[in-house]
There are 2 protein chains.
Amino acid sequence: MASGKRKNYHHGDLKNSLVEAGLELLRHQDASGISLRAVAKEIGVSHTAPYRHFKSKHSLLAAISQRGFEILTENTRQAVDKEPNDARQQLMLSGQAYVDMAVEHPKLLHLMFGGALSLRDCSTEYCQIAQNSFLSLTHILENGVSTGVFKDKSSTEMSVVVWSLLHGLAMLISAGQLDNEITSQKRIRELSGLAVDTLLNGLLK
Amino acid sequence: MASGKRKNYHHGDLKNSLVEAGLELLRHQDASGISLRAVAKEIGVSHTAPYRHFKSKHSLLAAISQRGFEILTENTRQAVDKEPNDARQQLMLSGQAYVDMAVEHPKLLHLMFGGALSLRDCSTEYCQIAQNSFLSLTHILENGVSTGVFKDKSSTEMSVVVWSLLHGLAMLISAGQLDNEITSQKRIRELSGLAVDTLLNGLLK
DNA sequence: GGTTTAATGTTGACATTGTCAACATAAAAT
DNA sequence: ATTTTATGTTGACAATGTCAACATTAAACC
């Protein structure tokens, strides 16, 4: 409808619409600046319609966060699939996908990791998908070790290290901490590649 | 006063007390769960007294965040001072100080990096102190290069890489993402050391 | 020491927000 | 066609952020 006012009483797919509207609002502002009433109004339903699909505002934010993990997982999978046999390149591409997420969805990333949402209090499904980056990296590292590209170390521990590097870069970028260092999209890719390259080759002489 | 009710009309140091009270509340809950009225009540002043010292709730949160950067800076400085001549050890100790911050102040760290607070809109002083970790690491790396311990690469770029690694580890820990991997305080120190060690020596065979 | 000024705290009010209960509508099941 | 269930609306209430006007007192000044 032109004015955004719905003709029918039943929306039909309100739950998903609320999540997508929330994602859209997070493009422009932090989670703390988002109100349930604003999201409902954006879609053209009453201020308490969301309570038919979500127990609370917190629940809606958790659903938006889960959507974020789905996007991150899919972006990373597509990137990695470009190089099915090269573990080193897969790490590079994973890094780029991760950092791209930070550039495109900074506020969403901030919601996903920490704050009111916690892995210490989540559904089985949410907890699982929130760890996909870790699992994906573990898989790449296992491939790298078994093909002789990487040192034979605990893949789990190395995943933690690789994930830390990529996640840290993503978080610093999205928080604006590297704005002095970053002048273009190309530069971001350079830094991402440099980070992975430095981890592979080491800092010591 | 025993009941927390102040006898005198003038508090005397309300501005700092608000920041400290906010820090304390952040030990137990996310910034989104903190209200100005609750902070004021904690100190025993009226609900609008804070507006005599802070333009808005956002301003108080920014002051709390700045306090957090001060704590991080001081903790890191004290850790690094233990090894004035060993750049490699200084990196290790910086890592530990950074990660300790994540364990002790997870919600504060989340407030400091991203969300409603941004380096794209901050006072000169805040912007400056928010970059202290970066400057500290750059200094350590410059020392390491000049003493021949580290490869002769751009210290600025290497600082970004090291900071990403430490920051990522800290953020993942504080978000509960590494709870499966971390079983004790000792384990956290191990992971922190492992992360720095892996960055120094590299992953490639 | 008294007066004036400025800093700072309080009171009351208002708009917005999250959430609830009761009611309304219609889709689905029987 | 009727009943049940899902889902949306209306109205209300408590909590919150913020503002203006007023109150208290500390500091500055003479």
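Values computed for the structure shown
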| read-out | value |
| --- | --- |
| Members of A:Lys205/B:Lys186; B:Lys82/B:Lys153; A:Lys15/B:Lys41; A:Lys57/A:Lys186; B:Lys41/B:Lys107 lying beyond 31 Å, as alpha-carbon distances in this model show | A:Lys15/B:Lys41; A:Lys57/A:Lys186 |
| Summed residue charge, Cβ within 12 Å of A:Met158's Cβ, Lys/Arg positive, Asp/Glu negative | -3 |
| Charged-residue dipole, Cβ positions (Lys, Arg, Asp, Glu), region B:60-124 about Cα centre, Debye nearest 20 | 180 |
| Rounded Å value of the spacing that divides the Cα centres of region B:121-170 and region A:133-201 | 17 |
| Angstrom value of the Kirkwood radius, inverse mean 1/r, which spans all Cα pairs in region B:51-98 | 12.3 |
| Kyte-Doolittle mean at least -0.5, axial Cα span of 30 Å or more - DSSP H helices of chain A | A:57-80 |
| Scattering profile of region A:8-54 at q = 0.24 Å⁻¹ [log10 I(q)/I(0), Debye over alpha-carbon scatterers] | -0.84 |
| GNM top mover of B:Tyr126, B:Tyr51, B:Tyr98 - chain B, alpha-carbon springs below 10 Å | B:Tyr51 |
| For B:Leu203, net neighbour charge (Lys/Arg +1, Asp/Glu -1) across residues whose Cβ lies under 10 Å away | +4 |
| Of all accessible heavy-atom area on region B:67-154, the percent that carbon and sulfur account for (1.4 Å) | 47 |
| Normalised contact order of region B:78-160, rounded percent, pairs of Cα under 8 Å and 6 or more residues apart | 29 |
| Accessible area of chain B divided out per residue, in Å², using a probe of 1.4 angstrom | 48 |
| Estimated distance in nm for a label pair at B:Ser59 and A:His53, the labels positioned 7 Å out from Cα along Cα-to-Cβ | 3.9 |
| Formal net charge of residues neighbouring B:Leu25 (Cβ-Cβ distance under 14 Å; K, R +1; D, E -1) | +2 |
| Overall Cα dimensions of region B:74-121 - principal axes, largest extent first, Å | 39, 24, 15 |
| Contact order relative to length of region B:1-82, as percent, for alpha carbon pairs under 8 angstrom and 6 or more apart | 31 |
| Of all accessible heavy-atom area on region A:8-54, the percent that carbon and sulfur account for (1.4 Å) | 46 |
| Global geometry of the protein assembly as shown, whether rounded, prolate or oblate, following the gyration tensor of its Cα atoms and the 1.5 cut on a/c | oblate |
| Mean separation of Cα contacts under 8 Å (6+ apart) over length of chain B, as relative contact order % | 21 |
| Prolate/oblate/rounded call for region A:95-137, Cα gyration tensor, a/c under 1.5 rounded | oblate |
| Reduced Cα scattering model of region A:105-205, Debye log10 I(q)/I(0), q = 0.15, 0.16, 0.25 Å⁻¹ | -0.77, -0.86, -1.32 |
| Between B and A, accessible area buried - total, square angstrom, nearest 100, 1.4 angstrom probe | 5300 |
| Alpha-carbon Debye profile of chain A, log10 I(q)/I(0) at 0.12, 0.17 Å⁻¹ | -0.69, -1.13 |
| Sites B:Arg187 and B:Tyr9 - FRET efficiency at Förster radius 60 Å, r taken between beta-carbons, to 0.05 | 0.70 |
| Cα-based Kirkwood hydrodynamic radius, region A:50-153, one decimal, Å | 15.0 |
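The values are calculated or read from the model by the stated rules, or taken from the named source; none is laboratory data. Small disclaimer: the values here were computed from a predicted structure and weren't measured. No Cβ is skipped: glycine too gets one built from the backbone with ideal geometry, and neighbour counts run over all protein chains shown. Areas reflect the complete protein model, heavy atoms only, side chains present, ligands, DNA and RNA absent. Shrake-Rupley method; radii C 1.70, N 1.55, O 1.52, S 1.80 Å.
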